[in-house]
Structure formats: C-alpha cells, structure tokens
1. Scan segment 81-130 for residues that are assigned to a loop (DSSP other than H, G, I, E, B) and over 30 Å from residue 42 (Cα atoms) and report the count.
2. Hey, could you check segment 15-33 for residues that are in contact with a strand residue (DSSP E or B) (Cβ under 9 Å, 6 or more places away or on another chain) and crowded, with 18+ Cβ neighbours inside 10 Å and say which is farthest from residue 84 (Cα to Cα)?
3. Within segment 32-61, count every residue that is among the aliphatic types (A, V, I, L, M) and within 19 Å of residue 14 (Cβ to Cβ).
4. Answer yes or no as to whether residue 13 is hydrophobic (A, V, I, L, M, F, W, C) and more than 30 Å from residue 88 (Cα to Cα).
5. Would you mention how many residues in segment 91-130 are loosely packed, with under 12 Cβ neighbours inside 10 Å and in contact (Cβ under 8 Å) with a residue 40 or more places away in the chain?
6. For segment 34-52, check the following and say yes or no: at least one residue is surrounded by 15 or more Cβ atoms within 10 Å (Cβ to Cβ), part of a loop (DSSP other than H, G, I, E, B), within 16 Å of the chain's Cα centre (by Cα) and not aromatic (Phe, Trp, Tyr).
7. Taking segment 1-33 only, how many residues are at positive phi and under 16 Å from the mean Cα position of the chain (by Cα)?
Amino acid sequence: MSLRATFWMLAVLFFFVLPLPMLGPFGATIPAARFVLLAGAAGLIAALEGAAGPVPAIAALLIGHAVAYTLVCAGLAWAAMRMLAPFSADARRVAVFSALALALAIALGFDLYTTPFGTQPTASLWNVLS
C-alpha cells in the first residue's frame with residue numbers, strides 16, 4: 001500500500017469512526033461525519049427557513065466543528081502515515097486494514113458515542129450515522 005493510500009484510508013477511518021467532542025451547550029462525542037451532516041442540515045434550515053434566532057449561531061457552531069474536525073482527522077492520518085512510512089507496503093497494508101477492521105467492529109458493536117440530538121443518550125456508529 002502506498003503512503004498516499006495509507007493516508008486516505010486512515011483519514012476516512014478517522015472521519016467516520018473517531019469520537020470527537022462537541023463544544024458548546026450540547027455535550028456530545030460524535031464522529032466528524034456526523035458534524036458534517038448536522039452542519040449541512042443547519043445550513044439548509046438557515047437557507048430555506050431564514051436565519052433568525054439561534055439558527056445562525058447553531059449553524060456556525062456546527063460548520064466550525066465540521067471543518068476543524070475534518071482537519072484534525074487529516075492531521076491524525078498524516079501522523080499515522082508518517083509513523084508507518086518506514087515499513088514495507090505489505091506491512092502498511094496489514095496495519096491499515098487491521099486498524100480499519102478493529103475500529104469498525106468496536107464502533108459498530110459498542111455504544112461509544114454520546115448523541116446531541118438523538119433519542120438515545122449513547123449510541124453505536126450505526127445509530128449515530130443513520
């Protein structure tokens with residue numbers, strides 16, 4: 001596996017699986033993908049219904065989280081890629097796919113995430129992204 005493929009696989013893994021804290025009054029830990037979904041929903045509400053009351057502040061908070069945590073995921077993937085750079089392509093492939101399988105199994109099997117707007121206080125990856 002090339003270093004570029006290693007970076008992108010790890011970046012996508014971190015983007016969809018890594019629980020990241022939501023700053024502000026909500027107190028959630030969700031993956032960056034969920035922040036992007038919430039930011040898109042808040043932006044659409046602001047565009048279609050008008051940006052009055054708390055809507056602009058919530059949209060700005062969610063968009064800020066989405067951008068910042070996407071950059072955090074890219075930075076973590078870059079650091080992990082640099083750590084795996086001395087190894088052979090086959091060793092990197094095994095490490096990346098092992099990390100992918102383990103992280104997805106844990107995220108889907110356990111309630112790792114604290115949801116900000118869901119019906120359950122904690123949820124697995126399946127419930128957070130659905």
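1. Step one: of segment 81-130, the residues assigned to a loop (DSSP other than H, G, I, E, B) are 85-88, 110-112, 115-121, 124, 130.
Now narrow it down to the ones that are over 30 Å from residue 42 (Cα atoms): 85-88.
Of the residues in segment 81-130, 4 are assigned to a loop (DSSP other than H, G, I, E, B) and over 30 Å from residue 42 (Cα atoms).
2. Checking each candidate, the answer is 28.
3. To start, the set of residues in segment 32-61 that are among the aliphatic types (A, V, I, L, M) comprises 32-33, 36-39, 41-42, 44-48, 51-52, 55, 57-61.
Filter again for within 19 Å of residue 14 (Cβ to Cβ), leaving 32-33, 36-39.
Within segment 32-61, residues that are among the aliphatic types (A, V, I, L, M) and within 19 Å of residue 14 (Cβ to Cβ) number 6.
4. Numbers: hydrophobic (A, V, I, L, M, F, W, C): yes; more than 30 Å from residue 88 (Cα to Cα): no.
Criteria not met by residue 13.
5. Adding up the residues that qualify gives 1.
6. no
7. Of the residues in segment 1-33, 1 are at positive phi and under 16 Å from the mean Cα position of the chain (by Cα).
FYI, it's all coordinate maths here, none of it is from the lab. What you see is a predicted model, and the numbers here were worked out from it, not measured in a lab. In this analysis, Cβ positions are derived from the backbone assuming ideal geometry, glycine residues included, and neighbour counts consider all displayed protein chains.
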